[in-house]
Amino acid sequence: MAEAEEDCHSDTVRADDDEENESPAETDLQAQLQMFRAQWMFELAPGVSSSNLENRPCRAARGCLQKTAADTKGKQEQAKEEKARELFLKAVEEEQNGALYEAIKFYRRAMQLVPDIEFKITYTRSPDGDGVGNSYIEDNDDDSKMADLLSYFQQQLTFQESVLKLCQPELESSQTHISVLPMEVLMYIFRWVVSSDLDLRSLEQLSLVCRGFYICARDPEIWRLACLKVWGRSCIKLVPYTSWREMFLERPRVRFDGVYISKTTYIRQGEQSLDGFYRAWHQVEYYRYIRFFPDGHVMMLTTPEEPQSIVPRLRTRNTRTDAILLGHYRLSQDTDNQTKVFAVITKKKEEKPLDYKYRYFRRVPVQEADQSFHVGLQLCSSGHQRFNKLIWIHHSCHITYKSTGETAVSAFEIDKMYTPLFFARVRSYTAFSERPL
């Protein structure tokens with residue numbers, strides 16, 4: 001026993017001497033080995049569950065590492081967002097100064113760091129700024145001001161000078177600038193742009209010139225007159241729309257800056273040949289054209305001629321086409337919220353010269369009659385365009401005899417021959433203004 005104790009003592013002393021001579025790496029390896037041995041012995045001990053396999057020092061070390069990693073990640077995200085915010089504001093400044101190429105580069109770098117940086121920053125012009133937009137402030141209360149662009153432009157014009165001017169000349173000139181004209185004259189010019197043809201598309205393009213023209217183009221009186229010309233007395237109340245412009249854009253209506261066109265094609269059986277060996281078949285193709293005017297007039301034409309030759313003739317009602325039908329239309333909105341167009345059209349009357357050659361001969365009197373066509377169409381939208389499709393729902397012929405006053409009605413069956421009409425915009429229809437709105 002004494003010899004064994006001496007051997008153990010000598011081994012312990014030798015181990016201590018070896019530990020003193022080992023390097024730090026070997027010491028760390030030995031410590032990990034001792035920890036593994038202790039954990040292994042603890043697992044082999046009876047009555048130990050699987051949930052208590054890890055010791056408390058390991059858990060504490062792991063929790064400390066996770067907390068440190070989370071703090072580091074949070075600081076990195078915050079620094080990244082601050083950098084993206086700085087780049088975004090720099091891009092806005094470059095864009096206001098006219099350097100679009102540089103602004104795009106800064107925008108791209110900011111969105112690479114934080115893709116939704118534009119939603120995390122709110123900016124507006126400072127009232128004390130120089131008007132160029134070089135200074136920005138973050139303020140959540142100004143979001144409502146930016147939402148209403150019209151009010152924002154009006155405020156900016158008020159801040160510039162004590163005398164309100166809608167626009168400023170970009171370059172100095174000895175000629176009189178349009179901003180010198182009174183507001184009443186400018187509004188009269190804008191009414192000429194809209195014209196009696198209700199060319200509101202040109203008005204919207206004119207509003208892109210400057211902030212002052214944008215304000216003039218949003219004048220409620222112009223849009224109110226346009227609504228009255230389309231719907232008449234039925235649009236006295238503004239409800240449920242918030243403005244006259246919203247009513248004109250959202251409420252169903254026919255379009256005036258073009259023509260509705262449909263194309264019908266079918267196969268017709270021909271007569272049999274004299275020898276009876278073959279029978280001809282014919283492909284019939286024709287077009288229908290309907291042109292609406294803001295004053296309630298409508299034109300309709302059915303012809304085999306293609307649109308390239310017919311559309312220019314429908315610019316005015318004083319066309320020389322013989323087969324043209326003229327009449328009036330009205331809009332009707334039923335309880336099912338479907339807008340329908342009803343029109344009564346007749347053939348253009350021609351004054352025949354009196355024939356005096358056979359005035360002494362008795363002729364068989366011909367019963368005179370008036371012929372008119374009643375048309376019903378449903379207005380709907382198709383694709384990305386609005387109010388560009390008309391579907392046939394009714395078509396009939398009314399013949400009124402003047403001698404007896406009786407009216408004979410012949411209703412046509414709406415079948416596949418009545419194809420829908422689609423709208424095609426024609427620029428020449430609104431190229432000239434004959435009268436102001």
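Positive contributions from Lys and Arg (+1) and negative ones from Asp and Glu (-1), summed over other residues with Cβ under 15 Å from the Cβ of Tyr429, come out at +4. Using θ = phi - 60° in the Karplus curve 6.51 cos²θ - 1.76 cosθ + 1.60, the 3J(HN,Hα) couplings for the range 34-39 round to 5, 5, 5, 5, 5, 5 Hz; x is entered for Gly and Pro. Tally Lys/Arg at +1 and Asp/Glu at -1 over every other residue whose Cβ is under 10 Å from the Cβ of Ser195; what's the total? With Lys, Arg at +1 and Asp, Glu at -1, the neighbours total -1. Near Ser243, once Lys and Arg are set to +1 and Asp and Glu to -1 for all other residues with Cβ below 14 Å from its Cβ, the sum equals 0. Dividing the convex hull volume of the alpha carbon atoms of the range 75-118 by its residue count gives 47 Å³ per residue. Please give the residues of the range 303-320, grouped as numeric ranges, whose backbone N is less than 19 Å from a label point set 7 Å along the Cα-to-Cβ vector of His282. Under 19 Å, as judged by backbone N against the label point of His282, lie 303-306 of the range 303-320. With 0.36 nm allotted per residue and the present C-alpha distance subtracted, the Thr176-Asp370 stretch has 63.9 nm of extension available. For the range 384-437, the set of chymotrypsin sites (Phe, Trp or Tyr not before Pro) satisfying both a DSSP loop assignment and a count of at most 12 other C-beta atoms within 10 Å is given as Phe432. Distance between the pseudo-spin-label points of Gln78 and Arg386 (7 Å out from Cα toward the beta carbon): 4.8 nm. Taking 7 Å steps out from each Cα toward its Cβ at Ala431 and Leu249 produces label points 2.9 nm apart. The phi torsions of the range 228-244, fed into the Karplus equation with coefficients 6.51, -1.76 and 1.60 and a -60° offset, translate into couplings of 5, 6, 8, 10, x, 6, 6, 10, 5, 8, 7, 5, x, 8, 8, 8, 5 Hz, rounded to whole numbers, with Gly and Pro shown as x. Using the Cβ-Cβ distance between Asp295 and Tyr241 with R0 = 22 Å, the FRET efficiency computed as 1/(1 + (r/R0)^6) comes to roughly 0.40.
Please give the length that would be gained between Asp275 and Gln34 if that part of the chain were fully extended, namely 0.36 nm times their separation in residues minus their C-alpha to C-alpha distance (nm, one decimal).
That works out to 75.2 nm of additional length.
If you sort the three axes of the alpha carbon gyration tensor as a ≥ b ≥ c, you get a/c of 1.5 or more for the range 232-276 and a/b above b/c, which makes it prolate.
Where a number appears in this text, it was derived from the coordinates with a stated rule and is not lab data. Bear in mind the structure is a predicted one, so any value in this text is a computation, not a measurement. Virtual Cβ from ideal backbone geometry, glycine too; neighbours counted across all protein chains shown.
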